[in-house]
Amino acid sequence: MIWLGIDTANTPLSVALVRDGALLAEYTSSIALNHSLRAMKAIEELFEKADLTPQAIDAIAVSEGPGSYTGVRIGVTIAKTLAWTLGKPLVGISSLRVMAGNALLSCGVICPLVDARRRHVYSAIYKSDGTALRQVKEDGHYAIETMLDSIKEIGQPVLFVGADVSLYREEIETALGKLASFAPQPFQLPRASLLIQFAEQEEQEGDLHAFVPEYRRVAEAEANWLAQQKKGSQP
């Protein structure tokens, strides 16, 4: 079985082709460029390097968020379009779960983290036994203080994963001290091959047209509109 994996949920871009559990080709970049300009080109180059056509794949895995609104939409739109055009099943996987997967072998508490601006983060808490991840705190849009308080309550060493962790590293170390450790740079980026690995464990059937991203918060424009509507309705 051949899978195409697509992760554009945040600044890093990762796409991969996997056949029967074996990686055929993968491209991962942390360059801050518009995914709308790079993603399809990267996918086309991937097929070329693997000497495959899009018709050869059996399923598609996509990072469904949370993350950048634009990034998540681009990946999901590409994945849904390909799945509908090719008649292939589509499986969505949490972008935070994919990041946590980089630390699967660490056997402990893992906290993937993405900056959501204004001292908020997209984050979750997982525990790994070295072979599988178990979610302890669900994916969400949290104030960084709230997230750190949740980790304190666990009271165990925690490994932080994500390219944006560096933005909060000093605050994390102040709050958690020696309980906090940080994944090396190569393990901070999402890997589309891991995305596929998780997707293979999920049910492949579903309503393609009902598939939607998991933003985990209301878009700023929508929030502003709702605030204006509420203000206008007040006497």
When Asn224 is run through (1) modelled with pLDDT of 80 or more; (2) part of a helix (DSSP H, G or I); (3) of a type outside the set (Ser, Thr, Tyr), the failure sits at (1)
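Quickly run through segment 31-45 and pick out the residues that are touching a Ser or Thr at 6+ places or on another chain (Cβ under 7 Å) and either loosely packed, with under 15 Cβ neighbours inside 10 Å or aromatic (Phe, Trp, Tyr) (or both).
Ala32
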Considering only helices (runs of 4 or more DSSP H) fully contained in segment 31-146, which possess at least 1 residues that are among the hydroxyl-bearing types (Ser, Thr, Tyr) and within 13 Å of the chain's Cα centre (by Cα)?
-> 69-86, 95-101
Pick from segment 187-205 the residues that are among the polar types (S, T, N, Q) and over 14 Å from Asp115 (Cα atoms): which of them is surrounded by the fewest Cβ atoms within 10 Å (Cβ to Cβ)?
-> Gln201
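Residue-by-condition table, conditions (1) open to solvent by less than 10 Å² (accessible area, probe 1.4 Å); (2) in contact (Cβ under 8 Å) with a residue 24 or more places away in the chain; (3) of a type in the set (Val, Ile, Thr):
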{"position": "Thr146", "(1), (2), (3)": "no, no, yes"}
{"position": "Ala163", "(1), (2), (3)": "no, yes, no"}
{"position": "Leu167", "(1), (2), (3)": "no, yes, no"}
{"position": "Glu170", "(1), (2), (3)": "no, no, no"}
{"position": "Gln185", "(1), (2), (3)": "no, no, no"}
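The values are calculated or read from the model by the stated rules, or taken from the named source; none is laboratory data. Remember, predicted model here, so these are calculated numbers, not experimental data. Because the Cβ atoms are built from the backbone with ideal geometry, glycine has one as well, and the counts that use them run over all protein chains shown. For the accessible areas, the whole protein counts, side chains as well, though only heavy atoms, and no ligand, DNA or RNA atoms are used. Shrake-Rupley method; radii C 1.70, N 1.55, O 1.52, S 1.80 Å.
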